[in-house]
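Structure first, then comments.
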Amino acid sequence: MARTFDADGNNVVDYREMIWGLSLLDKTSVCHKFEKLWEDFRCEDRVEFWDLFTMLTSLAGRALEKRDIFNMAKTLLERLDPDKTEGIDYEAF
């Protein structure tokens, strides 16, 4: 189990990795839902703007206008990508 929880591969399961790992065991947790989104959209090492826009669109359905989803994706990318690499890595996601 330790290898599964050790996300950064440093052979130590820190607090964050433990909480994330335990929450993945609960199918109703937010962490599990994010993990499922990451897998469903076949993200590899990062999510770029249009990937994020597509994810949010699929989650929102018709509840939000496309321009609102666009602005939400833009805001999320700005907040989760402070180094401006034009993408969000798995940990930030």
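The values are calculated or read from the model by the stated rules, or taken from the named source; none is laboratory data. Keep in mind it's a predicted model, so treat the numbers as computed, not measured. Don't worry about glycine lacking a Cβ; one is built from the backbone with ideal geometry, like all the others, and counts go over all protein chains shown. Side chains included, ligands, DNA and RNA excluded: accessible areas come from the protein's heavy atoms. Shrake-Rupley method; radii C 1.70, N 1.55, O 1.52, S 1.80 Å.
Using a cut-off of 14 Å between beta-carbons, work out the net charge of the residues near residue 57 (Lys and Arg +1, Asp and Glu -1, residue 57 not included).
Combined, the nearby Lys, Arg, Asp and Glu give 0.
Could you compute how much accessible surface residue 14 exposes when probed at 1.4 Å, giving the result in Å² to the nearest 10?
That residue has around 70 Å² of solvent-accessible surface.
Once label points are set 7 Å from the Cα along Cα→Cβ at both residue 4 and residue 74, what is their separation, rounded to one decimal in nm?
So the two model labels end up 4.2 nm from each other.
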